[in-house]
Structures are given as structure tokens and as C-alpha cells.
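Everything below concerns the one structure shown next.
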Amino acid sequence: MRDYNIFYSPYYYADIGEGHVFPIRKFELVRDKLVSEGTLVAEEIIEPERASPDDLLLVHTNDYISRLIAGELTAKEVRKLGLPWSESLVRRSLHAISGTINAAKKALIDTVSSNLAGGTHHAYPDRGEGFCVLNDVAVAIRVLQRDGLAKRFLIIDCDVHQGNGTAFIFKDSPEVFTFSMHGAKNYPLFKETSTLDIELADKTADDEFLQTLSEALPRVITHDPELIFYLAGADPYENDKLGRLALSIDGLRKRDEMVLDFARSYGVPILTTMSGGYAAEIDDTVEIHCNTIRAVKSVFFSQSTAAF
């Protein structure tokens, strides 16, 4: 049987203040729940080190990285980011980036891997936006290309918000297919152009979402990707405070299984990242993220698929 590794660090936590809409404790809670129920065992969890500046500079500008680390972002930049600057926020971002880089490398070896963070798709080369400090998927792709590990990539972004930063970064990179399926009237107000964008009306529910996704997936595999990045956002959930869609927890689990089974059926390695989730009850967000990892186990490691 193949190995399965997920990446997690206690440093995925940062002090952003009590009552912030971003549920910063979810990373730890997801890890704890998966371990306590036996879905994950300690040997499957790897703690990433900090990402190196050389890796970050493959995507982000030196000016932005320097001022971010030094705590010299302007008030306007901090407002756009939506998170208060702190050393722990910088540390969190560097470890989460490393988690996605390492998950990508492991997926190329083991077919599937996960980062219990990541999916920070609103970050641009010169700034952070929408709770996204650095663009982990973009950095991971550029690292793999630099190191000669893979050339062509597919990003399947099912977070409720368009992956605007990612679309911008790869707009002139035909070797990276960016697919974003998101709420039409949700953040960001001004959207970038992905390779394929599918916009959904408010209150879109399970059946329509899953049918739309099922019809879209064969359209995004056309350039023979060597690795799929899956941003499994929890925020299309019907009780998400920032979502505006109406998927159930069961519908989101089926979404995850559909994407994972799609990757498996085409024989393309895949890694999962968590991306957004802002449910009124944090336990719901945690359950949705846990279901992504449970779906990995079901699709890739059940008795019927163990020989893949």
C-alpha cells in the first residue's frame, strides 16, 4: 500500500485576536479530530520547516517579502490583508507555505498527499489579500518547476471565492491550468481571469453544484497535468458566514470524493489544501475539512482501491 502523509505544524496558529471571523484554531482542531477518531495516525503527520526566502521569491516580490517579515506593511496593506500583522502571522505563513511545497513533493511520489492548511489563493506577488498572506500553491508550483520535478499542473479551486491571486500569477503560464468554481456575487468584487471560471448563483445547492462540477472536470484535464492541486474550501457550506452558497456537509463530502476520484481515474497525483471556511459554528468547518481527509482515505486507501 502507498504511503499517505499530511503536513501540519502547531505554528499554523497565529494570534489574530479573539472574535476574528477567520477561525485560526481550525487547523489544530482538524488535526486533533482526525487523530482522535483514528483517521490519521501520528506516523502519517509530518511537521514542515519554514519556507526559504529563495522559494518565496519565485512568486513574490523582494519588496513585499522584506517588508512583510520586518513588519513594515502599510496600514492600507494590512486592511486589504484582513489580518493583523504579527511575528506569529509571518511564522504561520512560512510554515504553511512549506507544508504545501512538501505535500506537492510527496504527492508526486505517493500519488496523494495533504496539507492541513494552505489554499491561500488571494495573495498576489506584491501583496496579501482576503486573509491570504502568501500564495502557497503558486510558490509550490514554481519550486517544482525550478527543481525539475514537474512541469504541468492543474489547480482545481472549489473555495467559494475566486482564486484571483492565483489566476493573476499564472495568466501567462499555459503549463498551469487554473480552474475556479465560485460564487458569482462573492469576494473579490473585481475578479481575474482563470483558464476556466465557473460562477455560481447565490443559494446554489448540492445537486446543481455537483452536476456542474461533474460536467466541468473533463474540460480541465486537457493539457496532461503531472500534478493536481485541490483547494477544498469549506465555505460553500450553507451555514458559512461568508459563503452565500447552500451546500450541505454531505454535499461537500461528495464534492471531495468526486475530485479525488477524478484524479485517481486519470492517474494524476493530487494534493489537498484546506482553503477557506467560516461557518457560524466552528465545529461545522472542522467537520467539512476532516471530510476531505476522510475522502482521501476512502478513494485511495479503501480495500477496493488499494491496488491502484
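Computed from the coordinates by the stated procedures, all read-outs in this text should not be read as laboratory data. Being a predicted model, the structure only gives us computed values, none of them experimental. Don't worry about glycine lacking a Cβ; one is built from the backbone with ideal geometry, like all the others, and counts go over all protein chains shown.
Is the shape of the stretch 1-86 rounded, prolate or oblate, going by the alpha carbon gyration tensor and its root eigenvalues a ≥ b ≥ c, with a/c under 1.5 for rounded and a/b larger than b/c for prolate? Note, shape of the stretch 1-86 comes out oblate.
Label-to-label distance, ASP147 versus LEU57, with points set 7 angstrom from Cα along the beta-carbon direction: 1.8 nm. Taking Lys and Arg as +1 and Asp and Glu as -1, the other residues whose beta-carbon sits under 10 Å from that of SER98 total -3. Calculated from DSSP H runs of 4 or more alone, at -39500 (n - 2.57) each and per residue, what is the 222 nm mean residue ellipticity of the chain, nearest 500? Only helices count here, giving -12000 deg cm²/dmol.
Residue-wise HN-Hα couplings along the stretch 282-295, as the Karplus relation 6.51 cos²θ - 1.76 cosθ + 1.60 with θ = phi - 60° gives them from phi, are 4, 4, 5, 4, 4, 4, 5, 5, 4, 4, 4, 5, 4, 5 Hz; Gly and Pro carry x.
Label positions at GLU49 and LYS171, each projected 7 Å from the Cα along the C-beta direction, are separated by 3.6 nm.
Count Lys and Arg as plus one, Asp and Glu as minus one, and take only other residues whose Cβ is under 15 Å from that of HIS20; the net charge is then +3. Only lysines eight or more places from LYS80 in sequence, or on another chain, were considered; those with a Cα closer than 21 Å are LYS185, LYS191, LYS241.
For THR212, THR178, THR74, the sequence from fewest to most other C-beta atoms within 10 Å is THR74, THR212, THR178. Exposure proxy for ASP63, ASP172: other Cβ atoms within 10 Å of each Cβ, ordered fewest to most, give ASP172, ASP63. Ranked by the mean number of other Cβ atoms within 10 Å per residue, highest first, peptides 182-194, 289-301 order as 289-301, 182-194.
Considering the stretch 6-301, its Cα convex hull presents a mean projected area of 13.4 nm². Note on LYS106: lysines with a C-alpha under 27 Å away, same-chain residues under 8 apart excluded, are LYS26, LYS33, LYS151, LYS171, LYS254, LYS297.
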